[in-house]
Amino acid sequence: MNSLFPKIRFVLLAVVLLWLKTYIVYKLAFDIKIENTMDEIILFISPVSSLLFFIGLALFTEKHRNRLVFGISILLSVILFSNAVFYGFFNDFVTLPVLFQTNNMADLGTSIRELLTYKTFLMFGDVIILWVLLRMLPKHFSTAALTRTEKSAFYLVVASIFLVNLTVAELHKPSLFTRSFDREMVVKNLGLYNYHLYDIALQSKSSAQRAFASSNKFVEIENYVKSKDKHVNNQLFGSAKGKNVVVISMESTQSFVLNRKVNGKEITPFLNQFVKESYYFDNFYHQTGQGKTSDAEFIIENSLYPLDRGSVFFTHPNNEYTATPELLKDYGYYSAVFHSNDKTFWNRDLMYPSLGYDRFFSQIDFTGTEQNSVGWGLKDKDFFEQSIEHLKSLPQPFYTKFITLTNHFPFTLEPKDRYIDEYNSQSPIVNRYFPTVRYTDEAIKYFVKRLKEEGLYENTIIVIYGDHYGISENHNLAMAQFLGKEEITPFDTIQLQRVPFIIHIPGQTGKTISKVSGQLDVKPTLLHLLGVKTKNHTEFGTDLFAEEKDPMTVMRDGSFITKDYIYTKSICYDKNTSLPTDEAICKPYAEKAKAELNYSDKLIYGDLLRFAANNKHKTGTMTTVFE
Ligand code: GP9
Ligand code: MN
């Protein structure tokens, strides 16, 4: 082994130089948020394993070793350089799908020309140093063959470094790949080069599944969807035709907070009043999976199920969809999303054009300060205040979606923003949840007031939905205390997955509707109100205003709710008694639930909506502000 070092010296030198260069580019060209020393350490070590891996490939040859080291170093530098240029322009890292978005590339062309200056020279500084050293000290860099053991030992070390990196990152940011991650987090934790490998893996997986799918499969699913009983409420159909639409996603808000109090004070005083003058669905369930907020967005605009792992926003942003914003284009609608988080979070900047959005107002369109922000973005009230200014300037009619953020885990709020006390239980999370829900309630009240002041209220329908649960099963004890129950059973857990769903149509009197319903029903319900027929749409939801014999709402994990039964954790519950009953009663429903989830998955994995008659092929014209 003693003789190993001279043989790998040149490789190691190249690795160290490129490593340092990568770190410098991280700090200068990218805006990666560092919250603590651990973040910084991870950021620093993250490129090592991949650099060793790639440049180490040169160890497999003797004759061309040094040339290969140059080649690989230059290739990796080009990747780094391209990302730096791309980031300067788009505030984002390169993904394979964007490489094929020609309009992005056209913009880049001009900036690349501008960038061919001294910076380019610096970018390849390490390669130049390598070249000079090799010329000056050729004897120092042996290219003698490595033994098998030596090569194995080298790659064993590389693998160990990678595993350590992965473990530290996973411990530091649990579920890096499935939970709330954005590209910045992957780059920060695993390094830019591994990020590209990950991106390639994601891409090839979905391309393969897409390639094997055929239009026959689509016809089969279409036939199933058509066989479902889909009705229309003739009285309400088209009753909001031509009106503007404001959809509000209420972060982590579950229905149980409505009409309940903490220390004698209502948690949602505004919503409690608002539901009286609106259609309010009090048996409405979220149907999200790991994609949380993004899944909720996906479901309500596509009426398809989310996937059982990951977020569709991340796994299938390039699919063809027939989402609400796209369909409404034919009716003259302009569509926009408002959300004051980074635009790449949940891959929104890539997914929204596929859903047909015209404009995404993200973090860069808002003015955030320490005072007006909490957690990942603006406080909801400031968010609405700043959004109104943008909203006023949009062409009408508009279809808009506002994604609130303040009521996000871990529910932090400054004392001055607390309108009610914290709750008193052994769970600080549950305790803090109520003041943040109360805060969002106040923010929506403010927004509605502003809509009135701007003269938009009378011509706008307001749709409010809770995106997913806020309080997980880890807090069952505190929840039992709050709800005055002895314990929280799986039956209760399902009932706690109810989230508010409210439709306010100016001039129509309110009504509470208790039909079993879920996020998949939002699309057909809303489109029918706007006078858009959905009979031939490939979707799984139904119009909530229409008659339906036996409505059933299916959750992503296969649990479901019908008028009389709830099925979860392989137990069939009778809703009248809240107790388990004969499993055979639930069986036919369970099979239907499984089939439906399966059909929906096939549509997404096979990108089958590209065969749908009402699909308009993507134009990719959504704008975000870069100027
Ligand atoms: C982030 C916001 C919250 O932009 O949508 O996401 P979540 O963690 O709730 O999915
Ligand atoms: Mn959310």
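Rg and Dmax of the stretch 155-253, using alpha carbons, in Å: what are they?
Calculated on Cα positions, Rg and Dmax stand at 23.0, 71 Å.
With bins 5 Å wide starting at 0, give me the P(r) of the stretch 336-442 over every alpha carbon pair, in whole percents.
2, 12, 21, 20, 17, 12, 8, 5, 2, 0
Please express the Cα-Cα pair-distance distribution P(r) of the chain as a list of whole percents, one per 10 Å bin, running from 0 to the bin with the greatest distance.
3, 15, 24, 24, 17, 10, 6, 2, 0
With no solvent and one point per C-alpha, what does the Debye sum give as log10 I(q)/I(0) for the stretch 1-92 at q = 0.18 Å⁻¹?
-0.84
What fraction, in whole percent, of alpha-carbon pairs in the stretch 240-357 exceed 19 Å separation? Kindly include the intermediate steps, with their values, before the conclusion.
Numbers: 3878 of 6903 pairs.
Tail fraction, whole percent: 56.
Out of all DSSP beta bridges with both ends in the stretch 215-611, state the antiparallel percent to the nearest 5. Mind showing how you got there, number by number?
Details: 23 of 48 bridges.
Taking every DSSP beta bridge within the stretch 215-611, about 50 percent pair in antiparallel fashion.
Which sequence of 374, 157, 15 reflects their accessible areas, 1.4 Å probe, from the largest down?
On the way: 374 35, 157 85, 15 5 Å².
Ranking 374, 157, 15 by accessible area, largest first, yields 157, 374, 15.
Average the reciprocal distances over every distinct pair of alpha-carbons in the stretch 445-596, invert the result, and give the Kirkwood radius in Å. Intermediate results must be reported in sequence, preceding the final value.
Values: mean 1/r = 0.0561 Å⁻¹.
Radius from the Kirkwood sum: 17.8 Å.
Relative to the longest principal Cα axis of the chain, at what angle does helix 65-90 sit, 0 to 90 degrees, rounded to 10?
Tilt relative to the chain: about 40 degrees.
Would you please put 602-608, 424-430 in order of how densely packed they are, using the mean number of other Cβ atoms within 10 angstrom per residue and starting with the highest?
Working: 602-608: 22.0, 424-430: 15.6.
Order by mean packing, descending: 602-608, 424-430.
Let me see the P(r) profile for the stretch 136-176: every Cα-Cα distance counted, bins of 5 Å, each bin given as a percent of all pairs.
5, 19, 13, 14, 13, 12, 10, 7, 6, 1
What nm value, rounded to one decimal, do you get for the distance between residue 96 and residue 369 when each label is placed 7 Å out toward the C-beta?
The answer from the label model is 4.5 nm.
Counting each pair of different Cα atoms once, what's the Kirkwood radius of the stretch 473-537 in Å, rounded to one decimal?
Numbers: mean 1/r = 0.0667 Å⁻¹.
After inverting the mean inverse Cα-Cα distance, the result is 15.0 Å.
Work out the P(r) tail for the stretch 203-275: percent of alpha carbon pairs separated by more than 14 Å, whole number.
Values: 2113 of 2628 pairs.
Percentage above 14 Å: 80.
Hey, if you drop one equal point scatterer on each alpha-carbon of the stretch 270-334 and run the Debye formula without solvent, what base-10 log of I(q)/I(0) do you get at q = 0.12, 0.21, 0.22 Å⁻¹?
At q = 0.12, 0.21, 0.22 Å⁻¹ the computed log10 ratios are -0.44, -0.92, -0.94.
Carbon-plus-sulfur fraction of the accessible area of the chain, 1.4 Å probe, in percent?
Details: 15360 of 26920 Å².
Reported share for carbon and sulfur atoms: 57 percent.
Loop-only check: which GluC sites (Glu not before Pro) in the stretch 456-528 are DSSP coil with at most 15 other Cβ within 10 angstrom?
Working: sites: 458, 473, 486, 487; in loops: 486, 487.
Here the GluC sites (Glu not before Pro) that fit, given the DSSP loop and packing criteria, are 486, 487.
Between Rg and the Kirkwood Rh of the stretch 528-627, both from Cα atoms, what is the Rg to Rh ratio? Don't jump to the answer; show the numbers that get you there.
Numbers: Rg = 18.5 Å, Rh = 16.6 Å.
Rg/Rh for the stretch 528-627 comes to 1.11.
How much length is gained on full extension from residue 39 to residue 396, taking 0.36 nm per residue of separation minus their Cα-Cα distance?
Numbers: separation 357, 0.36 × 357 = 128.52 nm, distance 4.50 nm.
In short, 124.0 nm is gained.
Given the rule -39500 (n - 2.57) for each run of at least 4 DSSP H residues, summed and divided by the residues of the chain, what is its mean residue ellipticity at 222 nm, to the nearest 500 deg cm²/dmol? Please list the in-between numbers first.
Values: 23 runs with 291 residues, N = 627.
Result for the chain: -14500 deg cm²/dmol, rounded to the nearest 500.
The values are calculated or read from the model by the stated rules, or taken from the named source; none is laboratory data. None of the values given here were measured: they were computed from a predicted structure. Heads up, the Cβs are rebuilt from the backbone with ideal geometry, glycines too, and the neighbour counts pull from every protein chain shown. When the accessible area is computed, the model is the full protein with side chains, heavy atoms only, and any ligands, DNA or RNA have been set aside. Shrake-Rupley method; radii C 1.70, N 1.55, O 1.52, S 1.80 Å.
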